[in-house]
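Trainee: Supplied in structure tokens, the structure appears directly below.
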Amino acid sequence: DAAPVLVPDWARRAPPAEARPPRPLAPSAIEPSDTVSNPPPSPEQRVAAERGILLHGLFERLPALPMLQWHEAALRWLARAAPDMPDADRGRLAEDALSVLDDSAFAEIFAPDALAEASLAGVVNGQVIAGAVDRLIVTADRVLVVDFKTGRRVPKDADDLPPHHLAQMAAYAAVLAGVFPDHRVEAALLYTAAPKLIQVSTDDLDRYKPAFRG
């Protein structure tokens, strides 16, 4: 005969409800959201916006290649991405991209040790923040996060930055502050239609830091 089996008390109880973490929030969806109304773009503005998107694509791809291959690779990619664009315009766009990549003002962003399309995730004031940034530079005591913007409107300076862009960068900075507590965290926006790099002030990063909303 088999010996009787003693069933523990926990086996007779229903399991407790499992805690659900809050749904991750993308930084681009953080309030204040982009609710700025714009009139229909003019033909010139549409061309500028398309140019910004293509530059964004080149900035994503070219730094991973040897410098001597940049020009040929840029023309190859533009031929696929913008087949209706005249050859002369593609050539000028490639030269514009290379002039930015060669510019010492942007050297740190496109350096070989800069991380491209870096994924970030963290909890800020009870809210899970998750997203991807275009460039992330990490040194011994400093972190710089850079996001590319391809819109046709290019702010004049840091005081002219749209609130929704500030909120997005503040969210990235807040996540990085938790990941790198001993580092100074900085943020900047590269508006590719210009191109123009604008540093986000520390005051704005603090002012637009995500807050728990219940």
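Trainee: List, please: which pairs have Cβ atoms under 7 Å, are six or more places apart or on different chains, and start with a residue in segment 1-30 that is modelled with pLDDT under 80 and end with one that is in a helix (DSSP H, G or I)?
Mentor: Pro27/Gln168; Pro27/Ala171; Pro27/Tyr172; Ser28/Gln168; Ile30/Ala167; Ile30/Gln168; Ile30/Ala171
Trainee: Now a separate question. Can you name the residue in segment 135-155 that is closer than 17 Å to Gly52 by Cβ and open to solvent by 50 Å² or more (accessible area, probe 1.4 Å) and is also modelled with the highest pLDDT among such residues?
Mentor: Arg153
Trainee: Taking segment 48-71, which residues are more than 18 Å from Arg135 (Cα to Cα) and surrounded by 15 or more Cβ atoms within 10 Å (Cβ to Cβ)?
Mentor: Passing the criteria: Ala48, Ala49, Glu50, Arg51, Trp70, His71.
Trainee: If I go through segment 175-190 residue by residue, how many of them are out of contact with any Asp or Glu (no Cβ under 9 Å at 6 or more places or on another chain) and crowded, with 21+ Cβ neighbours inside 10 Å?
Mentor: Number satisfying all stated conditions: 2.
Trainee: Of the residues Ala111, Ala81, Ala94, Ala132, which single one is surrounded by 18 or more Cβ atoms within 10 Å (Cβ to Cβ) and either modelled with pLDDT under 95 or touching a helix residue (DSSP H, G or I) at 6+ places or on another chain (Cβ under 7 Å) (or both)?
Mentor: Sole residue among the options that is surrounded by 18 or more Cβ atoms within 10 Å (Cβ to Cβ) and either modelled with pLDDT under 95 or touching a helix residue (DSSP H, G or I) at 6+ places or on another chain (Cβ under 7 Å) (or both): Ala94.
Trainee: Right, here's the next one. Do the conditions hold for Glu117, that is, is it modelled with pLDDT under 95, open to solvent by 20 Å² or more (accessible area, probe 1.4 Å) and either aromatic (Phe, Trp, Tyr) or part of a strand (DSSP E or B) (or both)?
Mentor: yes
Trainee: Then there is this: Report whether or not Val124 is in contact with a Ser or Thr (Cβ under 9 Å, 6 or more places away or on another chain) and surrounded by 14 or more Cβ atoms within 10 Å (Cβ to Cβ).
Mentor: no
The values are calculated or read from the model by the stated rules, or taken from the named source; none is laboratory data. Since we're looking at a predicted model, the values are computed, not measured. Cβ: placed from backbone, ideal geometry, glycine included. Neighbour counts: every protein chain shown. The area values use the complete protein model at the heavy-atom level, side chains included, leaving out ligands, DNA and RNA. Shrake-Rupley method; radii C 1.70, N 1.55, O 1.52, S 1.80 Å.
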